[in-house]
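Input: a single structure, listed below in structure tokens.
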Amino acid sequence: MPHATTAATRLPHSGIREIVDLAIAAPHPVIRLEIGEPDFATPAHVVDAAFEAARVRTSYVQTAGIPELRDALAARLTRATATSVPMERVLITHGAVQAVDAVLSAVLAPGDEVLVPDPAWPNYQMQATLLGARAVTYALRPDDAFQPDIDEIRRLVTPRTRAIVLNSPNNPTGAVLPPHILAAVVDLAVERDLLVVSDEVYDEIVFEGVHSYAAALSSDHVVSVHSFSKTYAMTGWRVGYALVPAWLADTVTRILELETSCVSSVTQAAALAATTGPQDVVGEMRDAYRSRRDVAVGVLAQAGIDIVVPRGAFYLMLPLDPHTDSRAAALDLVNAGVSFAPGSAFGASAPHHLRVSLASSEDRIREGLQRFLAWRAAGGLASPLAGAHAR
């Protein structure tokens with residue numbers, strides 16, 4: 001019988017999806033705070049544009065994306081970065097996931113290294129593993145407000161390093177990179193001739209101040225990755241885009257052709273309507289996420305729990321007792337009627353934290369955290385009923 005021997009056999013299962021599956025199958029109601037799924041509906045004008053496109057014609061389109069959408073996004077990025085962004089550098093992808101994968105596929109060979117944050121969205125490490133490359137982590141420590149140490153990043157660069165991944169606003173921490181740290185990382189990349197892969201899918205969800213765009217600092221050493229999923233509540237539409245250096249655009253386009261031929265023409269019509277249509281909904285959702293963050297921070301503060309207050313995205317990191325394993329806690333909390341993602345699903349730097357998604361209503365966030373506090377007051381994993389799902 002044939003058997004798998006490729007790097008794919010070393011890919012771990014998602015610690016987030018483990019909790020998702022358990023929460024869905026639970027025999028009792030569970031308040032779902034484990035997944036980053038906006039609870040808002042896709043704006044009506046976006047849905048209408050997709051229906052109209054589907055009625056007119058569905059067909060193959062250009063691999064790099066339809067020109068109208070690429071041009072509209074180039075204009076958006078020109079405004080956002082205060083630099084000139086030509087359409088040719090903007091590529092449409094099947095979600096931000098494909099953008100990151102295609103870029104890493106273009107620059108990493110087996111044995112190469114890529115620096116990735118920890119904690120972080122686990123796909124960065126998984127994509128490097130699949131390519132036969134090595135993901136080297138730099139820590140985002142709670143004591144440092146989940147900000148990277150530029151000196152640590154510099155020390156980790158070796159002759160095998162090809163890229164540095166940044167993610168701001170960050171999943172899972174909600175931390176936002178300050179401009180001076182962002183500039184220091186890009187300066188290091190230019191100095192050592194590395195590529196910065198800047199995952200900015202939450203760029204429109206910044207609560208204080210404005211987002212700093214890495215692409216504004218270098219056109220040759222930065223790829224910025226964006227998505228419609230979070231900004232416009234379009235997770236299921238599966239459309240993202242990347243701003244790539246001119247020297248990389250053709251190679252990435254060829255990889256996209258191999259992987260998917262093109263992104264759905266209907267989806268791209270919806271994305272075009274989102275980009276060029278009314279933007280009020282973006283601000284309204286951002287305001288709602290900010291309000292939800294404030295509710296969560298208030299509930300935890302009243303309980304005497306200090307957290308690193310998130311400045312963007314829609315997550316916060318909830319600290320557990322220093323000796324509590326986050327996976328065991330997350331599994332057991334489903335028994336208590338609330339689900340969180342374990343910090344261990346995002347790396348080694350926050351093993352005693354839970355990620356709380358703020359993509360649910362204020363009432364559900366408040367009730368979910370109260371269930372956590374009741375579980376904690378009852379002894380948590382030390383309680384007699386604990387561990388039923390952890391075995």
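Descriptive notes on the structure:
- Within the stretch 112-130, residues that are assigned to a helix (DSSP H, G or I) sit with their Cβ atoms under 7 Å from residues that are at pLDDT below 95, at 6+ positions apart or across chains, in these pairs: 126/11; 129/7; 129/10; 129/11; 130/7; 130/8; 130/11.
- Identity of the residue in the stretch 1-55, of a type in the set (Gly, Ala, Ser) and at pLDDT 95 or above, that ends up nearest to the chain's Cα centre (by Cα): 41
- Residue in the stretch 341-359 that is outside any helix (DSSP H, G or I), at pLDDT 95 or above, over 13 Å from residue 33 (Cα atoms) and not assigned by TED's automatic domain parsing to the domain that holds residue 120 present: yes
- For the stretch 149-168, residues that are in a strand (DSSP E or B) and among the β-branched types (Val, Ile, Thr) total 3.
- Number of the exception - residue 299 against (1) part of a loop (DSSP other than H, G, I, E, B); (2) surrounded by fewer than 21 Cβ atoms within 10 Å (Cβ to Cβ): (1)
- The residue pairs whose first member lies in the stretch 367-391 and is part of a helix (DSSP H, G or I), whose second member is at pLDDT below 50, and whose beta carbons are closer than 7 Å, counting only pairs six or more residues apart or on different chains, are 380/386; 381/387.
- For the stretch 54-101, filtered to residues that are in contact with a Phe, Trp or Tyr (Cβ under 9 Å, 6 or more places away or on another chain), assigned to a helix (DSSP H, G or I) and of a type in the set (Val, Ile, Thr), the residue that is farthest from residue 204 (Cα to Cα) is 100.
- Flag for residue 324 being modelled with pLDDT of 95 or more, surrounded by fewer than 23 Cβ atoms within 10 Å (Cβ to Cβ) and among the polar types (S, T, N, Q): no
- All of (1) modelled with pLDDT of 95 or more; (2) in contact with a helix residue (DSSP H, G or I) (Cβ under 7 Å, 6 or more places away or on another chain); (3) more than 27 Å from residue 219 (Cα to Cα) hold for residue 275 with one exception: (3).
- Number of positions in the stretch 250-270 that are out of contact with any helix residue (DSSP H, G or I) (no Cβ under 6 Å at 6 or more places or on another chain) and within 18 Å of residue 100 (Cβ to Cβ): 7
The values are calculated or read from the model by the stated rules, or taken from the named source; none is laboratory data. Computed from a prediction, not measured in an experiment: that's the story for all the values here. Cβ atoms come from the backbone with ideal geometry, glycine included; neighbour counts cover every protein chain shown.
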